[in-house]
Amino acid sequence: MELILWRHAEAVDHPHGEDGVGGDALDLERRLTTRGEKQAARMAAWLDRQLPDGARVFASPAQRTVQTAQALGRKFKQRDELLPGADPAAVLALAGWPDGRGPVVIIGHQPTLGQVIGKLLGLPDTECPMRKGAIWWLRERERGGVMQTVIVTVQTPELV
């Protein structure tokens, strides 16, 4: 199985600063900045060239993730399991990890996506930092009778 984790691109700041962020109505309405729209477009163009036609795409219902998903130009489903503060286990269950078929794209938020990465790679810290607009492409494979999670690629908007 292949799991593509895509953090939403740069969004406007929460009107109440850092203390207001966390899934409240104002947070969910935050839109991409002009820079974020460009980041999403660059990453979407790169990702669209890599993904097969049958890839499933899921996005958080937050406006900034919906805008990021729309840049890809493919059908996607909004899922509450991906809202800010989501449980990493719920994200993996939604994706069908590790037994699902075909690639799954998850468009969501930090720290959840970083927690998923940390869990899958067995990192000593519970969270892996992830840049805005970045994609982490992971694959589950069997090697010598042991299941492994491998990093296929990590891309940022600045590098594509």
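Please treat every number below as a calculation from the coordinates, not as lab data. Since the model is a prediction, treat every value here as computed from it, not as a measurement. FYI the Cβ positions are ideal-geometry reconstructions off the backbone, even for glycines, and counts take in every protein chain you see.
The table below lists the values:
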| read-out | value |
| --- | --- |
| Segment 2-159: relative contact order as a whole-number percent, Cα under 8 Å and 6+ apart | 30 percent |
| Calculated on alpha-carbon atoms, Rg and Dmax of segment 1-91 in Å | 13.4, 41 |
| Ellipsoid semi-axes in whole angstrom, largest first, where each is sqrt(5λ) of the Cα gyration tensor of the chain | 25, 18, 14 |
| Protection proxy ranking of 115-124, 64-73 - average other beta-carbon atoms within 10 Å, highest first | 64-73, 115-124 |
| Cα→Cβ-extended label distance, 7 Å offset, between Asp125 and Val160, nm | 2.4 nm |
| Dipole axis of the chain (+1 Lys, Arg; -1 Asp, Glu on Cβ), positive-most option in Ile135, Leu47, Leu120 | Leu47 |
| Residue list for segment 51-90, given a label point 7 angstrom along the Cα-to-Cβ vector of Arg31 and an amide N cut-off under 14 Å | 63-68 |
| Residue-count net charge about Val152 - beta-carbon cut-off 9 Å; Lys, Arg +1, Asp, Glu -1 | 0 |
